Amino acid sequence: MGAGVARRTGRPFVDFDVEIERREGVSVSTIFRERGEAAFRTLELELTRELAKRNGMILAPGGGWITVPGAMALLRPPARMIYLRVSPDVAINRMGAGRAKRPLLRTPDPSAELMRLLEKREPLYLQADHVVDVDLLDLQGVIALVGDLATTFQAG
């Protein structure tokens, strides 16, 4: 989705998970399994520090990035945040087989775990500049809406 917004707006794009996997030479799941969540969050913070020196990018941090102390403050301002609010059941459905790549959802009841994570994280997510409900939007609709918001940010 973020790559689509970047194409639409002509901006560079970084997906944190993809970039961390590229740099570390292993999957996010492997980092979680071998080094633990805290080590992964440290990698996210290091990447955030680096990206904070650049402007005009579309960034896609993972859902837990918001819990990393100091990460949001590194980017804001000038960065603007958009929270793509989706219900846990819709999120699980959209992940499909990709859910297996998410170490925190490797539980007997991933929907319940996602709800638990959302309850913990949503107060942080709601600090975003914009909240967009995406349950009823398809991928192209989300890309168009977020792309329009990003263009507004650039103009404003």
Restricting segment 2-51 to residues that are of a type in the set (A, V, I, L, M), at pLDDT below 95 and buried (at least 16 other Cβ atoms within 10 Å of the Cβ), the residue that is nearest to Val132 (Cα to Cα):
Val5
Of all residues in segment 65-76, which are in contact (Cβ under 8 Å) with a residue 12 or more places away in the chain and either among the basic types (Lys, Arg) or part of a helix (DSSP H, G or I) (or both)?
Trp65, Ile66, Thr67, Ala71, Met72, Leu74, Leu75
Out of (1) of a type in the set (A, V, I, L, M, F, W, C); (2) part of a loop (DSSP other than H, G, I, E, B); (3) modelled with pLDDT of 95 or more, the one Ala79 does not meet is (3)
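I'd like the residue in segment 1-43 that is among the β-branched types (Val, Ile, Thr) and not in a helix (DSSP H, G or I) and, out of all such residues, is farthest from the chain's Cα centre (by Cα).
Of segment 1-43, the ones among the β-branched types (Val, Ile, Thr) are 5, 9, 14, 18, 20, 26, 28, 30-31, 42.
Now restrict to residues that are not in a helix (DSSP H, G or I): 14, 26.
Numbers: Val14: 10, Val26: 19 Å.
The extreme case among them is Val26.
Each row is one residue, and each column tells you yes or no for (1) assigned to a helix (DSSP H, G or I); (2) in contact with a His (Cβ under 7 Å, 6 or more places away or on another chain); (3) closer than 23 Å to Phe153 by Cβ.
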residue: Leu84; (1), (2), (3): no, no, yes
residue: Asp89; (1), (2), (3): yes, no, no
residue: Asn93; (1), (2), (3): yes, no, no
residue: Gly98; (1), (2), (3): yes, no, no
residue: Leu114; (1), (2), (3): yes, no, no
residue: Leu117; (1), (2), (3): yes, no, no
residue: Leu124; (1), (2), (3): yes, no, yes
residue: Leu137; (1), (2), (3): no, no, yes
Does any residue of segment 126-135 turn out to be modelled with pLDDT under 95 and either within 15 Å of Asp17 (Cβ to Cβ) or part of a helix (DSSP H, G or I) (or both)?
no
Identify, by number, the condition in (1) surrounded by fewer than 12 Cβ atoms within 10 Å (Cβ to Cβ); (2) in a loop (DSSP other than H, G, I, E, B) that Gly56 doesn't meet.
(1)
Give the residues of segment 120-151 that are within 16 Å of Ile66 (Cβ to Cβ) and of a type in the set (A, V, I, L, M, F, W, C), sorted by residue number.
Leu124, Leu126, Ala128, Val131, Val132
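The values are calculated or read from the model by the stated rules, or taken from the named source; none is laboratory data. Every value quoted in this text rests on a predicted model; they were computed, and no experiment measured them. Here Cβ is always computed from backbone atoms with ideal geometry, including for glycine, and neighbour counts include all displayed protein chains.
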